[in-house]
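Trainee: To start, I am sharing the structure in question, which I have written as structure tokens.
Throughout, read-outs are computed from the coordinates displayed, never taken from laboratory work. Computed from a predicted model, the values in this text were never measured in an experiment. When we count neighbours, we look across all protein chains shown, and the Cβ atoms used for this are built from the backbone with ideal geometry, even at glycine.
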Amino acid sequence: MFDTSALLAVLRRAPVVPVLIIDRLEDAVPLGTALVKGGLPALEVTLRTPAALDAIRAMSRIKGGVVGAGTVLDRAQAKAAVEAGAKFLVSPGATPDLLDAAIELNVPLLPGVATASEAMVARDKGYRIVKFFPAGPAGGPKYLQALASPLGEMVFCPTGGVSLDNAADYLKLKNVVCVGGSWVAPTDAVKAGDWARIEQLAREAAAIAA
């Protein structure tokens, strides 16, 4: 098992990791700044848009923030994200090559799993912290609670269907370190440049108690 302290240090900074889709590069810094000011320093920029890598470069300069790349699907994307300044990687799944690539790149990876078998594959590669995705459709808090005993070494970050209304249900589980969610950066607020609203949503998320 390799060192997981760097990833844990990021994920433990707040109960919620914002999952961000950035279409316009000019939104990157004000969006990230609002989230950090609101108490959510770990920022996951998904590689779903042409602006994503440039957004990671720009947001890596935000004081107090830690920027990572999400929706990382393969070795090439992992390498590009690290070169852009990503300090951690998040994937919806986990191929053996991607798991190996993150180890070789010496970058923390949060690989996605939806079943006990997938979690065991990640475990065999030395991973002990994984993303539970899509959390809601895959079984929610009750499913994760059921995994706690047989997979006692594994720690999860549920993402997908997580909201302000149910985040605490996940966070109270002993095998959950944090949750990921997009509700803290709603599309309409980003398009309108309503950074005050996003900062307030971040404050509400940062105050969620297990």
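Trainee: So what is the relative contact order for the chain, in percent, with contacts set as C-alpha pairs under 8 Å and at least six apart? Show your work: numbers first, answer last.
Mentor: Working: 431 pairs, mean separation 48.1, N = 210.
It comes to 23 percent, rounded to a whole number.
Trainee: Which of the GluC sites (Glu not before Pro) found in the stretch 129-210 are in a DSSP loop and have at most 16 neighbouring Cβ atoms, other than their own, within 10 Å? Numbers along the way, then the final one.
Mentor: Values: sites: GLU153, GLU199, GLU204; in loops: GLU153.
Those satisfying the criteria are GLU153.
Trainee: Can you work out ³J(HN,Hα) from phi for every residue in the stretch 141-146, in order, using Karplus 6.51 cos²θ - 1.76 cosθ + 1.60 and θ = phi - 60°, giving whole Hz and x for Gly and Pro?
Mentor: These are the phi-based 3J(HN,Hα) values: x, 5, 5, 5, 4, 5 Hz.
Trainee: Further, regarding this structure: With volume of the Cα convex hull per residue in Å³ in mind, check (i) 124; (ii) 141; (iii) 100 and report the label derived from this structure.
Mentor: Correct label is (iii).
Trainee: Kindly provide the pair-distance distribution of the stretch 153-210 built from C-alpha pairs, with 5 Å bins from 0 and whole-percent values in order of increasing distance.
Mentor: Per 5 Å bin, starting at zero, the Cα-Cα P(r) for the stretch 153-210 comes out as 4, 19, 27, 21, 14, 9, 4, 2, 0 percent.
Trainee: Could I ask something else about it? Pick out, in residue order, every one of the trypsin sites (Lys or Arg not before Pro) in the stretch 130-179 that is DSSP loop and has at most 14 other C-beta atoms within 10 Å; say none if there are none.
Mentor: LYS172, LYS174
Trainee: Using a Cα distance threshold of under 24 Å, what count of lysine pairs results for the chain when pairs must be 8 or more residues apart or interchain?
Mentor: Number of lysine pairs found: 17.
Trainee: What does the helix-only formula give at 222 nm for the chain: each DSSP H stretch with n ≥ 4 adding -39500 (n - 2.57), the total divided by the residues, and the result rounded to the nearest 500 deg cm²/dmol?
Mentor: Computed ellipticity for the chain at 222 nm equals -12000 deg cm²/dmol.
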